[in-house]
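Scroll down for the structure; my scribbles are underneath it.
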């Protein structure tokens with residue numbers, strides 16, 4: 001993996017991590033289009049640069065994350081992340097196997113896109129507009145919904161936002177709580193992958209460290225812009241456009257698989 005490839009993947013991660021379009025799916029497609037070798041480092045790289053995106057959330061919502069008097073906020077985030085930690089630990093190998101399947105990504109993008117076309121009409125009369133009004137029970141249910149995103153192409157953001165709306169959260173409240181849940185969820189997944197790679201290979205080479213640093217910095221900057229854009233757009237326009245986008249990308253990916261340009 002070279003610097004240009006790291007920058008491109010960092011941009012893709014930053015743009016898609018918090019949008020309901022599947023960052024993992026987009027990075028898998030990008031790596032295949034860039035003909036990056038599918039080795040252990042490339043797999044770790046796509047997970048590890050999530051740290052940059054995580055930092056963007058913490059910086060944008062620093063008043064939330066560093067208001068230590070609001071202990072209920074931390075407990076709700078902990079409650080919401082427990083299901084993903086448990087299932088991620090139990091099914092780590094199966095999830096890694098799915099990450100290699102372009103067909104799984106394409107089908108998941110299509111299915112999720114169809115759901116997003118109707119999500120605004122399915123969930124109406126949303127009442128919860130602030131994090132303070134989210135109960136511990138609602139946080140756990142949203143966390144369970146988030147686990148669906150362990151299937152590549154589903155989108156962690158989309159799954160947790162839909163879970164939030166199912167629990168009567170408004171679009172913007174569901175999106176923001178999805179961002180909050182992302183921090184410990186992605187931090188745990190990233191830490192686990194980095195530690196495992198370190199144990200298996202005895203550390204990272206100087207070039208690998210360089211590429212990780214570049215990817216994270218790019219992901220951080222782009223994610224900052226994407227988050228601000230997404231919340232404003234969501235309040236005005238809803239999810240339908242993201243549904244059309246996912247369907248289009250899914251169809252294009254299936255065509256690339258069928259023509260042999262991308263491995264299934």
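Quick rundown of the values:
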| read-out | value |
| --- | --- |
| In nm, spacing of pseudo-spin labels at residue 258 and residue 209 (7 Å Cα→C-beta vector) | 4.8 nm |
| Most fluctuating residue given options 107, 252, 142, as computed from a GNM of the chain linking Cα atoms under 10 Å | 252 |
| Cα-based Rg / Dmax (Å) for the stretch 3-258 | 17.4, 55 |
| All-pairs alpha carbon distance profile, the stretch 138-201, 10 Å steps from 0, percent | 23, 46, 21, 9, 2 |
| Relative exposure of 35, 26, 237, judged by other C-beta atoms within 10 Å (fewest first) | 35, 237, 26 |
| Rh (Kirkwood; distinct C-alpha pairs) - the stretch 1-72, Å | 13.5 Å |
| Extension gain from residue 229 to residue 201, taking 0.36 nm per residue of separation minus the Cα-Cα distance | 6.1 nm |
| Shape category assigned to the stretch 95-188 from the gyration tensor of Cα positions, a/c cut at 1.5 | oblate |
| Ranked list, fewest to most other Cβ atoms within 10 Å of each Cβ, for 102, 22, 6 | 102, 6, 22 |
| Top of 157, 23, 42 by mean-square fluctuation, Gaussian network on the chain, Cα under 10 Å | 42 |
| Alpha-carbon centroid distance for the pair the stretch 92-154 / the stretch 5-64, whole angstrom | 18 Å |
| Residue exposure sequence - 263, 124 - by fewest surrounding Cβ within 10 Å | 124, 263 |
| Listed residues 202, 153, 88, most fluctuating in the chain (Gaussian network, C-alpha, under 10 Å) | 202 |
| Segment residue 166-residue 33, extension gain: residue separation times 0.36 nm, minus the distance between their alpha carbons | 44.3 nm |
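Here, each number is a calculation from the coordinates, and none is a lab measurement. Everything quoted here is computed from the prediction, not taken from an experiment. Cβ sites come from the backbone with ideal geometry, for glycine too, and all protein chains shown count toward neighbours.
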